[in-house]
Amino acid sequence: VARVCVLRGGATERTFAMLKPDVAKDSATVNGIKAMIDGAGLTIEREERCRLSRRQCETFYAEHAERSFFPDLVRFMSSGPVIKLELSGSDAVKRWRTLLGPTNSAVAREKAPKSVRALFGTDQQRNAAHGSDGVESAKRELSLMFK
Ligand code: GDP
Ligand code: MG
């Protein structure tokens, strides 16, 4: 069985997705994004709704600590509930990033009009959802967010 999976597509991976405070409070939007996840052949293995502290956001986005937008990003991410998701599937990391679209929602509407950020995001910061950018960051983020 494992052999068949390997031959048919990419490796089965896990990735971390997070619906951000701009969309997590709206159940219709949450359901819309979940339907897109399902439609892309990804499975939601785990789901948790919570509100992140400023400290948790600072740790999660530590790689951006020196950027000018960091304080604003931390304020935004801790401003309301988020929905944390563990996704699995073939090439899950790349598949979810592709489904997300470019970081800036305005750019996403130009370049990937059917992406999550194009459909549900607002701008460069309020862009609906997060996705791990690689297998290693997915491991880090999953262990950070699901204790
Ligand atoms: P991602 O991997 O596509 O989410 O993008 P990054 O890792 O570069 O940035 C992390 C998050 O910070 C983004 O998803 C946005 O919410 C926010 N962000 C990125 N760049 C900017 C920016 O130039 N200005 C603001 N205000 N927020 C940004
Ligand atoms: Mg990133």
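Taken about its Cα centre, segment 8-145 carries a charge dipole of roughly 180 debye when the Cβ of each Lys and Arg holds +1 and the Cβ of each Asp and Glu holds -1. For Asn31, what charge total do you get from the other residues with a beta carbon under 14 Å from its beta carbon, if Lys and Arg give +1 and Asp and Glu give -1? Summing Lys/Arg as +1 and Asp/Glu as -1 gives 0. For Phe60, neighbours were defined as the other residues whose beta-carbon sits under 10 Å from its Cβ, and their charges (Lys and Arg +1, Asp and Glu -1) total -1. Distance between the modelled labels on Glu63 and Thr103, one decimal in nanometres: 1.0 nm (7 Å Cα→Cβ projection). Between 0 and 90 degrees, the angle of helix 27-39 with respect to the longest Cα principal axis of the chain falls at about 30 degrees. Think of segment 8-145 as having a plus end and a minus end, set by charges on the Cβ of Lys, Arg, Asp and Glu; of Ser68, Thr15, Gly121, Gly121 sits farthest toward the positive end of this dipole.
Legend: calculated FRET efficiency, Ser88 to Lys114, from the Cβ-Cβ distance at R0 = 22 Å, rounded to 0.05, equals 0.45. For segment 42-147, what class follows from the C-alpha gyration tensor (a ≥ b ≥ c being the square roots of its eigenvalues): rounded when a/c is under 1.5, otherwise prolate if a/b is larger than b/c, else oblate? Here segment 42-147 falls in the oblate category.
Structural descriptor for the chain: relative contact order 35 percent, calculated from alpha carbon pairs under 8 angstrom and at least 6 residues apart. Take each peptide in 62-68, 131-137, count the other Cβ atoms within 10 Å of every residue, and average; sorted highest first, the result is 131-137, 62-68.
As a proxy for reagent exposure, ranking Lys34, Lys20 by other Cβ atoms within 10 Å from fewest up yields Lys34, Lys20.
Would you mind counting up the charge near Arg75? Only other residues with Cβ under 12 Å from its Cβ, with Lys and Arg at +1 and Asp and Glu at -1. Its environment carries a net charge of 0. Taking 24 Å as the straight-line reach from the Cα of Lys84, the lysines in range (excluding those fewer than 8 positions away in the same chain) are Lys20, Lys25, Lys34, Lys94, Lys114, Lys139, Lys147.
Read the figures in this text as sums done on the coordinates, not as results from a lab. Model, not experiment: these values are computed from the prediction. Cβ: placed from backbone, ideal geometry, glycine included. Neighbour counts: every protein chain shown.
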